[in-house]
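Peer 1: Handing you a structure now.
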Amino acid sequence: MPSLKLPLLAFVMAITATHPVIAEDPAIDLKLFGKHEIEGGLSACHLAFWQSNKDPETDKYAYLIYMPYDKDGVQLQAVVEIGKEKIALNESARGDFDPPSRLGYRLYSSADHETHMLVRIEEAVVTGSLQTVSKATVTVVRPDLPPFVAGAKGVIGCPGTSVAETAAAPPEPVSDEGAAAGGPSPYTGPGGLALNPSVLLAATSDVPAAVRREIATYAPDQCSEPETLAYPGQRYAVNDNFILWEVPCFLGAYQGTSIFAITQNPPADWATMLSLPNPPALEGENNAQMMNPEVFAEKGVFISTSLGRGEGDCGTYQVFRLMDAPGETFEFQLMEYREKVNCDGVQSEPSEWPLQFQAGE
């Protein structure tokens, strides 16, 4: 999907130009609501935004919008309260502003297109499958009424802790510089080639043409249109002669994928896409997509975690390291493969799932 930044901004600016925000009646009677009003209670994975000066755990009424995900991480209908009416909304568009990747716009609309809610995410951080939003602006638009604007905080994904705990310790804002995977690597085995710190790309157009051609040729079904994602990607200098590129390919409700490729430094007309080897007992072609990649640049270690469902209680966990390969290029070596097949509702760290394969020294 192409970036919707300009259309969304134009949409809001056009409405606000016609209906300036002034103290007048009638106005949008947006109501705050509490988790006691959410049918079935908070789902394990969800999107929720609450008024920034409220605490959804201690304040009876705090939420501006709530949207649950089902057990497979698929978005369900969101809900807002306006006057005496509970209105169902569906996500209708996303936009972005660069950088960084975790910020941007989300537009929610009712089926009759009479109610629109635009969420502008301004400060956020991602930890595992959870995006914690420490600053956002929520704008509600209805026909012939001035927009309702509120400051907000929120969560998107699978909190794993209560909303109150999330709100009590807001994370540091995301910087424009990009960052390595947070926290120490749970993998303590042999490392690979050390990389320089990541550099967040300013726009998807920064991905070299040779990398795009390589992906289009060898992984068209896995990453057909990487330029349509809001997140432009990152690059890592391997040494003075080579660069490793991370190109995001898919972003879902609770996980996403990236493909990695090598070019010269600076890039020219040559690129090599890196594949992910399977463990010896697992047949089939090598995959190019790394699920929820965590990059530990100093160790040359890459961790891929594929969740079987939104609860995060099953899936596969793989550790790769970057190594030299014949022909003045590089390759990923599989160092560890873990899999939890039974989605039993019992959550544990993926690095503790049953070990299926481990490479020798």
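Peer 1: Assuming residue 262 fulfils every condition listed in (1) buried (at least 20 other Cβ atoms within 10 Å of the Cβ); (2) modelled with pLDDT under 95; (3) hydrophobic (A, V, I, L, M, F, W, C); (4) closer than 23 Å to residue 238 by Cα apart from one, which condition is it?
Peer 2: (2)
Peer 1: Search the range 232-243 for residues that are in the same structural domain as residue 272 (by TED's automatic domain parsing) and under 13 Å from residue 328 (Cα atoms) and pair each with any residue that is crowded, with 18+ Cβ neighbours inside 10 Å and of a type in the set (Lys, Arg) when their beta-carbon atoms are under 7 Å apart and the residues are at least 6 apart or on different chains.
Peer 2: Close Cβ pairs (under 7 Å, with a partner that is crowded, with 18+ Cβ neighbours inside 10 Å and of a type in the set (Lys, Arg)) amount to 243/235.
To keep it simple, each residue is scored yes or no on (1) surrounded by fewer than 18 Cβ atoms within 10 Å (Cβ to Cβ); (2) within 15 Å of the chain's Cα centre (by Cα); (3) outside any strand (DSSP E or B).
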| position | (1), (2), (3) |
| --- | --- |
| 121 | no, yes, no |
| 124 | no, yes, no |
| 135 | yes, no, no |
| 140 | no, no, no |
| 143 | yes, no, yes |
| 146 | no, no, yes |
| 151 | yes, no, no |
| 155 | no, yes, no |
| 159 | no, yes, yes |
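Peer 1: Are any residues in the range 29-51 of a type outside the set (A, V, I, L, M, F, W, C) and more than 22 Å from the chain's Cα centre (by Cα), and if so, which ones? Don't jump to the end; show me each part of the working.
Peer 2: Looking only at the range 29-51, we keep the residues that are of a type outside the set (A, V, I, L, M, F, W, C), and these are 29, 31, 34-37, 39-41, 43, 46, 51.
If the condition is that a residue be of a type outside the set (A, V, I, L, M, F, W, C) and more than 22 Å from the chain's Cα centre (by Cα), then 29, 31, 34, 35, 36, 37, 39, 40, 41, 51 are the ones that fit.
Peer 1: Looking at 69, 63, which is the one that is surrounded by 21 or more Cβ atoms within 10 Å (Cβ to Cβ), at pLDDT below 90, touching a Gly at 6+ places or on another chain (Cβ under 8 Å) and in the same structural domain as residue 115 (by TED's automatic domain parsing)?
Peer 2: 69
Peer 1: Something else: Select from the range 293-333 the residues that are farther than 19 Å from residue 238 by Cβ, at pLDDT 90 or above and surrounded by fewer than 20 Cβ atoms within 10 Å (Cβ to Cβ) and list them in ascending order.
Peer 2: 306, 316
Peer 1: Going residue by residue through the range 35-42, is there one that turns out to be assigned to a strand (DSSP E or B) and either in contact with a strand residue (DSSP E or B) (Cβ under 8 Å, 6 or more places away or on another chain) or at pLDDT 85 or above (or both)?
Peer 2: The answer is no; no qualifying residue exists.
Peer 1: Then there's this: Could we say that residue 172 is surrounded by 15 or more Cβ atoms within 10 Å (Cβ to Cβ), charged (D, E, K, R) and either modelled with pLDDT under 70 or more than 30 Å from residue 36 (Cα to Cα) (or both) here?
Peer 2: When the stated conditions are applied, residue 172 does not pass them.
Peer 1: Of the residues that make up the range 243-258, is at least one of a type in the set (Gly, Ala, Ser) and over 30 Å from residue 106 (Cα atoms)?
Peer 2: Taking every residue of the range 243-258 in turn, none turns out to be of a type in the set (Gly, Ala, Ser) and over 30 Å from residue 106 (Cα atoms).
Peer 1: Here are some conditions: (1) modelled with pLDDT under 90; (2) under 23 Å from residue 37 (Cβ atoms); (3) charged (D, E, K, R); (4) not in a strand (DSSP E or B). Residue 98 meets all but one. Which one does it not meet?
Peer 2: It is condition (2) that residue 98 fails.
Peer 1: Please work out if residue 248 is within 23 Å of residue 190 (Cβ to Cβ) and modelled with pLDDT under 90.
Peer 2: Working: within 23 Å of residue 190 (Cβ to Cβ): no; modelled with pLDDT under 90: yes.
Criteria not met by residue 248.
Peer 1: What are the residue pairs meeting all of these: first residue in the range 36-48, first residue over 16 Å from residue 312 (Cα atoms), second residue assigned to a helix (DSSP H, G or I) and β-branched (Val, Ile, Thr), Cβ atoms under 8 Å, and 6 or more apart or on different chains?
Peer 2: So the pair list comes out as 42/163; 48/163.
Peer 1: Here are 247, 346: which of them is in a strand (DSSP E or B) and of a type in the set (Val, Ile, Thr)?
Peer 2: When all the criteria are applied, what remains is 247.
The values are calculated or read from the model by the stated rules, or taken from the named source; none is laboratory data. All values reported here derive from a predicted model rather than from experimental measurement. Cβ atoms come from the backbone with ideal geometry, glycine included; neighbour counts cover every protein chain shown.
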